[in-house]
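A short worksheet on the structure shown next.
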């Protein structure tokens, strides 16, 4: 079928944002991203993507999932990247237009730095820790990467949905 790129991005944003919020909470509390979150993203893309993207674009975007899953698997083996992080990032990949893929590492780097700084600052505040005493991420040395991955996909979709606001540095095609 296919709609405008902005409409497609807005539909994706509305459907993906709650999943991303859940991933942030789950990764902070348990240091785990449940497989169900990734499966839900794939289901959202399968159904909504089929309705809002041209059929050929929708079909090719499944390759994004495979490429990121493969690269993530290598990173998991070589660099110890979490399996949940890899699967969630791969499930988010089909939402990104191939023309905009080079922007994703920059956006991810910004979110990674910001999320890391905010996480470390928040865990140093006693009032925050009292409100969330059972969050595993406060006591672990590693970092809940789901924060940065979720932030990246949501920010990407915001930028793509509102190119009139962000178009100066972000192309409007999704």
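Taking the conditions exactly as written (without any contact (Cβ under 8 Å) to a residue 12 or more places away in the chain and in contact with a helix residue (DSSP H, G or I) (Cβ under 6 Å, 6 or more places away or on another chain)), does residue 122 satisfy them or not? So that I can check it myself, show each step before the final result.
Values: without any contact (Cβ under 8 Å) to a residue 12 or more places away in the chain: yes; in contact with a helix residue (DSSP H, G or I) (Cβ under 6 Å, 6 or more places away or on another chain): yes.
The answer is yes for residue 122.
Test residue 112 against the stated conditions and say whether it is at pLDDT 95 or above and closer than 19 Å to residue 160 by Cβ. The answer is no for residue 112. Taking the criterion of being touching a residue at least 12 places away in the same chain (Cβ under 8 Å), over 11 Å from the mean Cα position of the chain (by Cα) and not in a helix (DSSP H, G or I), the residues of the stretch 65-118 that qualify are 81, 82, 97.
The values are calculated or read from the model by the stated rules, or taken from the named source; none is laboratory data. Quick caveat: nothing in here was measured; it's all calculated off a predicted structure. Note that each Cβ is placed from the backbone with ideal geometry, even for glycine, and that neighbours are counted across all protein chains shown.
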